[in-house]
1. Would you point out which residue out of ARG63, ARG91 is more than 21 Å from THR161 (Cβ to Cβ) and out of contact with any Leu (no Cβ under 7 Å at 6 or more places or on another chain)?
2. Working only within the range 117-173, note down all residues that are outside any helix (DSSP H, G or I) and either under 21 Å from TYR52 (Cβ atoms) or more than 18 Å from the chain's Cα centre (by Cα) (or both).
3. Does THR161 satisfy the condition of being of a type in the set (Val, Ile, Thr) and open to solvent by 30 Å² or more (accessible area, probe 1.4 Å)?
4. Identify the single condition in (1) in contact with a Phe, Trp or Tyr (Cβ under 6 Å, 6 or more places away or on another chain); (2) open to solvent by 40 Å² or more (accessible area, probe 1.4 Å) that SER139 does not satisfy, given that it satisfies every other one.
5. Could you please give the count of residues in the range 93-136 that are closer than 19 Å to GLU169 by Cβ and of a type in the set (Gly, Ala, Ser)?
6. Looking at (1) touching a Cys at 6+ places or on another chain (Cβ under 9 Å); (2) over 27 Å from ARG25 (Cα atoms), which is the only condition SER103 fails?
7. Mind listing whichever residues of the range 117-136 are open to solvent by less than 50 Å² (accessible area, probe 1.4 Å) and either among the polar types (S, T, N, Q) or touching a residue at least 60 places away in the same chain (Cβ under 8 Å) (or both)?
8. Assess whether LEU90 counts as being of a type outside the set (Asp, Glu), under 27 Å from LEU40 (Cα atoms) and modelled with pLDDT under 90.
Amino acid sequence: ASGLRGYSEGIVVLLVLAAFERYDRGHAEYAFWLGAAAALLRPEAALFVCLYGLWLTWREPRRAPLIAAGVLLVAALWTLPEQWGSGNLLRAAERAQDVRPESAALAAQPTLEILKLAIKLVTPPGALMAVIAVWLAASGAAPASARPLTLQLAAFSIAWTALVAAMTELGFAGNWRYIAVPA
């Protein structure tokens, strides 16, 4: 239903999963650019793109100029149109802190509200399958080829949720769209 309203979360989920798939298949640079595209839609992705870019640069220094260009492009496309349109480079970040009364940011424990929201977004069968997949990968019962990607996806989901919780503690709205990707 959110796609019918024009929300971009479905596309972001697709881009993030495609980035993981490309990385898993040995196409690290494609994974970076898919992540950069996701960061143009959800700013939380930018942190992960930057960290991945640093890791790629460390592994293959020849990629540094292209990685730097990608990071700068994302930053420019998030801020420059805001500067040109509103005269305020950080308008998007300010608007994300203009919260509604029901916002998780206004709760007594914003992190707890984000965790509740994250749990609510995942269907019980989906949560059960995720727990089983992680348990199989961690215990070594899953096929060796599936273990790293399963554990990486789980760690990524936890890290993204923790990032959103921290942002919510700092006053960002913390609505469901922020945690659609890890869910």
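The values are calculated or read from the model by the stated rules, or taken from the named source; none is laboratory data. From a predicted model like this one, the values you see are computed outputs, not experimental measurements. Cβ atoms come from the backbone with ideal geometry, glycine included; neighbour counts cover every protein chain shown. Protein only, heavy atoms only, side chains kept; ligands, DNA and RNA dropped before computing areas. Shrake-Rupley method; radii C 1.70, N 1.55, O 1.52, S 1.80 Å.
1. Details: ARG63 fails: out of contact with any Leu (no Cβ under 7 Å at 6 or more places or on another chain).
Matching residue, one of ARG63, ARG91: ARG91.
2. Residues of the range 117-173 that are outside any helix (DSSP H, G or I), as a first pass: 122-123, 140-146, 170-173.
Result: THR123, GLY140, ALA141, ALA142, PRO143, ALA144, SER145, ALA146, GLY171.
3. Details: of a type in the set (Val, Ile, Thr): yes; open to solvent by 30 Å² or more (accessible area, probe 1.4 Å): no.
The answer is no for THR161.
4. (1)
5. Number satisfying all stated conditions: 8.
6. For SER103, the failing item is (1).
7. Passing the criteria: LEU117, ALA118, VAL122.
8. On the way: of a type outside the set (Asp, Glu): yes; under 27 Å from LEU40 (Cα atoms): yes; modelled with pLDDT under 90: yes.
Here the answer is yes, as LEU90 does meet what is asked.
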